[in-house]
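S.K.: Provided herewith is a single structure, encoded as structure tokens, for subsequent inquiry.
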Amino acid sequence: MAIDLLDINVWLALIDENHLHHAPASAYWHQRKADRVAFCRVSMLGLLRLSTQPRVLSRALTHDEAWAIYRRYLALPAVSFLAEPIKLEQHFAALTLSTDLPSRMWTDAYLAAFALASKSRLVSFDGDFMRFAGLDFLHLKPMP
């Protein structure tokens, strides 16, 4: 069964109809998503943290609203929460040791390692994920 691990930027675009990338995120959700879509701890925390920040969404959510949205997605039959895979740290180290990885990309490397270890496809608007060899990556692009 195919699994998509969504980057935080996709979750944020999905929940805010006024978000710059809402239309392509919604098109992905309705036309291109895998059989299962997943959160991991980092994407869950990112959604909760960033959705409550001013200037990230068209309106900052309250903590209660952020939790309600997360739980609403998690209640969908196609959405799940993935625990850390056994080989995550091995992949994470391989992506971050002895490389020219910019320090701003630690979280991206973690998500890429998670996708590799769980055999998931990573879905993001961030093209920086293309740097990770062997990653099954769907690069969503903004609509013109």
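S.K.: Considering only the stretch 15-39, state which residues are surrounded by 17 or more Cβ atoms within 10 Å (Cβ to Cβ) and acidic (Asp, Glu).
M.R.: Of everything in the stretch 15-39, just one residue is surrounded by 17 or more Cβ atoms within 10 Å (Cβ to Cβ) and acidic (Asp, Glu), namely 16.
S.K.: What number of residues within the stretch 78-100 satisfy the criterion of being under 16 Å from residue 1 (Cα atoms), small (Gly, Ala, Ser) and outside any loop (DSSP other than H, G, I, E, B)?
M.R.: Result for the stretch 78-100: 1.
S.K.: Conditions: (1) under 10 Å from the mean Cα position of the chain (by Cα); (2) in a helix (DSSP H, G or I); (3) surrounded by 18 or more Cβ atoms within 10 Å (Cβ to Cβ). Residue 42 meets all but one. Number of the miss?
M.R.: (3)
S.K.: For the list (1) at pLDDT below 95; (2) under 11 Å from the mean Cα position of the chain (by Cα), I need the number of the one condition that residue 104 fails.
M.R.: Among (1) at pLDDT below 95; (2) under 11 Å from the mean Cα position of the chain (by Cα), residue 104 violates only (2).
S.K.: On to the next question. What's the number of the only condition in (1) of a type in the set (A, V, I, L, M); (2) free of Cβ contacts under 8 Å to residues at least 24 places away in the same chain; (3) out of contact with any helix residue (DSSP H, G or I) (no Cβ under 9 Å at 6 or more places or on another chain) that residue 78 fails to meet?
M.R.: (2)
S.K.: Given the structure, is residue 111 in a strand (DSSP E or B), touching a Leu at 6+ places or on another chain (Cβ under 8 Å) and closer than 19 Å to residue 13 by Cβ?
M.R.: Taking the combined requirement at face value, the residue does not satisfy it.
S.K.: A further question follows. Read through the list (1) over 24 Å from residue 32 (Cα atoms); (2) touching a His at 6+ places or on another chain (Cβ under 6 Å), then give the number of the only condition that residue 97 fails.
M.R.: Single failed check for residue 97: (2).
S.K.: Would you check if there is a residue in the stretch 7-29 being assigned to a strand (DSSP E or B) and out of contact with any helix residue (DSSP H, G or I) (no Cβ under 6 Å at 6 or more places or on another chain)?
M.R.: Looking only at the stretch 7-29, we keep the residues that are assigned to a strand (DSSP E or B), and these are none.
The answer is no, given that none of the residues of the stretch 7-29 is assigned to a strand (DSSP E or B) and out of contact with any helix residue (DSSP H, G or I) (no Cβ under 6 Å at 6 or more places or on another chain).
The values are calculated or read from the model by the stated rules, or taken from the named source; none is laboratory data. The structure presented is a predicted model; accordingly, all values stated were derived computationally and were not measured. In this analysis, Cβ positions are derived from the backbone assuming ideal geometry, glycine residues included, and neighbour counts consider all displayed protein chains.
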